[in-house]
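Worksheet: one structure, shown below.
Derivation of every value follows stated rules applied to the coordinates shown; laboratory data play no part. Note that the structure is predicted; figures quoted are calculated from it, not measured. Glycine also receives a Cβ, built like all others from the backbone with ideal geometry; neighbour counts cover every protein chain displayed.
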């Protein structure tokens, strides 16, 4: 499913227009990004939890040259599914 299909689904399930559904989805995604950018956790009960973790720098191997390379530290987004979502997927 892509963003357009998700907007169509939101409009069909909520009774909102597609334009209003797009605004709602964009506002939700913006709020999620801003929350994670600050380093905060976002928990949606039953759906899941988004969080940011730090991955330390580490040594890797270039598969072409077989030389060791340093992979820099970075922040990564993690998602843990909630009980309702996990149960629905089973």
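Rank these for me by crowding, 71, 7, going from fewest to most other beta carbons within 10 Å.
71, 7
Let me know the whole percent of all Cα-Cα pairs from the chain that are separated by more than 17 Å.
Of all Cα-Cα distances in the chain, 68 percent exceed 17 Å.
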